[in-house]
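Remarks on the structure that follows.
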Amino acid sequence: MNRRLPEPDPDGFCAAAWAHTAELQDAIVRHPFNLALADGTLQRDRFAFYIVQDARYLFGFARALAATAARAEDPADSAFLAGSAHGALAEERRLHAGYVEELGLTEEEMSGIETSPTCLAYTSYLRASAQSEPYPVAVAALLPCFWVYQHVGSTILEQTGDTSGHPYGRWIDTYADEEFAATVLGARELTDRLAAAADERTRERMLTAFVRCSEYEWLFWNSAWEKQEWPTARWLPRRGDHVE
């Protein structure tokens, strides 16, 4: 975890994957949810919906990280992924808990919000990749969650400057933090190294996974903006839900 990491290879897999998805990454930053979050006008109900979905997403993401860590042949890589799984649950749950208290959300309110179709689809894709795809592909699928959040957080911080007094300042600071940036750098270094050692077919599958999860990132923000519900809910009793 404390290894000195090299700067990302400008000709490596990650640089090419980011360039391939550049318009999508820009669309994520410019999504109405993130624009409203940046200027502090994001409505309570939308942010509350997001917090509930993100907490459930993180549980599935951490399980995908742990499953992928178990497949790593390099002990240092396994430790990095396992440590990231712990960090995903520990650090971000602290962030969520603070906002749950600040927003005055009750357990009843949170349990009454169903896991959105997008949240369930995204976590299911990650966990399926962790279990059934080649190890380098599973790692590439995990990368957008790290990298996109760091990109969004740092971009918003550049735009807002001082976050003191900002209603979502703690969220911005978490993902624009230098320690989080170092974790993202580690994930990129690992992905680049695996891609460099992989055959062409595996690299193609890595790119497919990176693109799909970048798409899921946009869909996740959009689902929070729309407070996405199951279109079939009209025919079923209302109930809360969570990611298994």
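The values are calculated or read from the model by the stated rules, or taken from the named source; none is laboratory data. All figures in this text were calculated on a predicted structure; none of them were measured in a lab. With ideal geometry, Cβ positions are generated from the backbone for all residues, glycine too; neighbour counts draw on all protein chains shown. With ligands, DNA and RNA removed, areas are computed over all heavy atoms of the protein, side chains included. Shrake-Rupley method; radii C 1.70, N 1.55, O 1.52, S 1.80 Å.
Could you please state how large a percent of the accessible area of the chain is carbon and sulfur, counting protein chains only and using a 1.4 Å probe? Please list the in-between numbers first.
Values: 6260 of 11890 Å².
C and S fraction of accessible area: 53 percent.
Gaussian network model of the chain, Cα springs within a sub-10 Å range: biggest mean-square fluctuation belongs to which of Arg234, Arg94, Arg212?
Arg234
Please get the size of the charge dipole for segment 138-208, origin at its Cα centre, with Cβ charges of +1 on Lys and Arg and -1 on Asp and Glu, quoted in debye to the nearest 20. Please report the intermediate quantities before stating the final value.
Details: 6 positive and 11 negative charges, 65 e Å.
The dipole magnitude comes to about 320 debye.
Please report, largest first and rounded to whole Å, the three semi-axes of the ellipsoid equivalent to segment 92-244, where each semi-axis is the square root of five times an eigenvalue of the C-alpha gyration tensor.
Values for segment 92-244, descending: 29, 24, 12 Å.
Step through the residues of segment 45-51 one at a time and calculate ³J(HN,Hα) from phi using the Karplus curve (6.51 cos²θ - 1.76 cosθ + 1.60, θ = phi - 60°), rounding each to whole Hz and writing x for Gly and Pro.
Couplings: 5, 5, 5, 4, 4, 4, 4 Hz.
Counting heavy atoms of the protein chains only and a 1.4 Å probe, report the per residue accessible area for the chain as a whole number of Å². Intermediate results must be reported in sequence, preceding the final value.
Working: 11890 Å² over 244 residues.
Per residue, the chain has an accessible area of 49 Å².
When all alpha-carbon pairs of segment 85-156 are counted, what percent fall beyond 21 Å? Provide the component values of the computation, followed by the final result.
Details: 1139 of 2556 pairs.
The answer is 45 percent, as a whole percent.
Choose one of Ala19, Leu58, Ala138: the residue whose Cα lies farthest towards the positive end of the charge dipole of segment 1-145 (beta-carbon charges +1 Lys, Arg; -1 Asp, Glu; about the Cα centre).
Farthest along the dipole direction, towards plus: Ala138.
Using just the helices of the chain, give the 222 nm mean residue ellipticity in deg cm²/dmol: DSSP H runs with n ≥ 4 each add -39,500 (n - 2.57), and the total is spread over all residues, rounded to 500. Don't skip to the end; give the middle numbers.
Details: 11 runs with 181 residues, N = 244.
So the helix-based figure for the chain works out to -24500 deg cm²/dmol.
About the Cα centre, and with charges only on the beta carbon of Lys, Arg (+1) and Asp, Glu (-1), how big is the dipole of segment 42-160? Nearest 20 debye, please. Mind showing how you got there, number by number?
Values: 8 positive and 15 negative charges, 44 e Å.
So the dipole magnitude of segment 42-160 works out to roughly 220 debye.
For segment 1-137, max minus min Cα coordinate along each principal axis, in Å, sorted largest first?
Projected onto the principal axes, the Cα atoms of segment 1-137 cover 44, 32, 30 Å.
When Lys and Arg each count +1 and Asp and Glu each count -1, what net charge do the other residues less than 12 Å away from Ala141, Cβ to Cβ, add up to? If you can, show how the numbers build up before the last one.
On the way: positive: Arg127, Arg205, Arg212; negative: Glu133, Glu215, Glu217.
Its environment carries a net charge of 0.
Treating only the Cβ of Lys, Arg, Asp and Glu as charged (+1, +1, -1, -1), what charge dipole size does the chain show about its Cα centre? Round to the nearest 20 debye.
Numbers: 22 positive and 37 negative charges, 130 e Å.
Dipole about the Cα centre, nearest 20: 620 debye.
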